[in-house]
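*Asks:* Let me give you the structure first, and then I'll get to my questions.
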Amino acid sequence: MATTTAALAPPSTSTSSVLLPSAAAAAAARCLGPLPRRARLRTARHVALTPRDLSAEDVAAEEAAVAPKIGKRVRVTAPVRVYHVMKAPDLDIKGMEGVVKQYVAVWKGKRITANFPFKVEFHLSVEGQDKAVRFFVHLREDEFEFIDE
């Protein structure tokens, strides 16, 4: 592993110390190459709050309106393809049944911009495996229908 060195600028050129990379550090950074697979898979999650100010009553009313939908069985009506299920890549979930587990458009009492606010859990039987594969998909409300039981 290459070591990197840095030099500090003299205090007379700035009000604060500035870290300047040396030529050896820049050359080492160019030689590192692409990141390993696991490092590429890590992503930072950014949550955008809606710009409009919603009162606590509005958020509470939204949560109360959605609360009866949590735990209900649903059937996917729209043609939705998911690629994150390792045992079944390129899976079309239209017609599959699952359970609504969470409403994610409200986070810590604040409204956030969730494009697919309903988190739905599915179980998929895979050939050659005793236990069903469990996976989650985020859906909009117009992509599924509630099943009466």
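*Asks:* Please state which one of K87, K101, K131 is touching a residue at least 24 places away in the same chain (Cβ under 8 Å), basic (K, R) and over 30 Å from D58 (Cβ atoms). Lay out the reasoning, then the answer.
*Replies:* On the way: K101 fails: over 30 Å from D58 (Cβ atoms); K131 fails: touching a residue at least 24 places away in the same chain (Cβ under 8 Å).
That would be K87, the only listed residue that is touching a residue at least 24 places away in the same chain (Cβ under 8 Å), basic (K, R) and over 30 Å from D58 (Cβ atoms).
*Asks:* Taking region 66-96 as the region of interest, how many residues are outside any strand (DSSP E or B), touching a Leu at 6+ places or on another chain (Cβ under 8 Å) and open to solvent by 60 Å² or more (accessible area, probe 1.4 Å)?
*Replies:* Qualifying residue count, region 66-96: 2.
*Asks:* Looking at (1) of a type outside the set (G, A, S); (2) open to solvent by 80 Å² or more (accessible area, probe 1.4 Å); (3) more than 19 Å from the chain's Cα centre (by Cα); (4) more than 15 Å from D142 (Cα to Cα), which is the only condition K101 fails?
*Replies:* If we test K101 against (1) of a type outside the set (G, A, S); (2) open to solvent by 80 Å² or more (accessible area, probe 1.4 Å); (3) more than 19 Å from the chain's Cα centre (by Cα); (4) more than 15 Å from D142 (Cα to Cα), just (3) comes out false.
*Asks:* Another question, then. Just wondering, is there one or more residues in region 125-133 that are part of a strand (DSSP E or B), open to solvent by 20 Å² or more (accessible area, probe 1.4 Å) and under 18 Å from A65 (Cβ atoms)? Even if it seems obvious, please write down each step before you answer.
*Replies:* Our first condition is that a residue be part of a strand (DSSP E or B); within region 125-133, this holds for 133.
Still in the list and also open to solvent by 20 Å² or more (accessible area, probe 1.4 Å): 133.
If we keep only those that are under 18 Å from A65 (Cβ atoms) too, we end up with none.
No: region 125-133 contains no residue that is part of a strand (DSSP E or B), open to solvent by 20 Å² or more (accessible area, probe 1.4 Å) and under 18 Å from A65 (Cβ atoms).
*Asks:* Okay, next question. If I ask for residues that are under 22 Å from A60 (Cβ atoms) and outside any strand (DSSP E or B), which ones from region 104-124 would you list?
*Replies:* Here is the first cut: in region 104-124, the ones under 22 Å from A60 (Cβ atoms) are 104-114, 117-119.
V104, A105, K108, G109, T113, A114, P117, listed by residue number.
*Asks:* While we're on this one: Confirm whether V59 is touching a Pro at 6+ places or on another chain (Cβ under 9 Å), at pLDDT below 95 and among the β-branched types (V, I, T). Walk me through it before giving the result.
*Replies:* Values: touching a Pro at 6+ places or on another chain (Cβ under 9 Å): no; at pLDDT below 95: yes; among the β-branched types (V, I, T): yes.
No.
The values are calculated or read from the model by the stated rules, or taken from the named source; none is laboratory data. These numbers were taken from a predicted model, which means no experiment stands behind them. Using ideal geometry, Cβ is built from the backbone for each residue, glycine included, and neighbour counts are taken over all protein chains shown. Ligands, DNA and RNA are stripped out before the accessible areas are found, and what is left, the full protein with its side chains, is counted by its heavy atoms. Shrake-Rupley method; radii C 1.70, N 1.55, O 1.52, S 1.80 Å.
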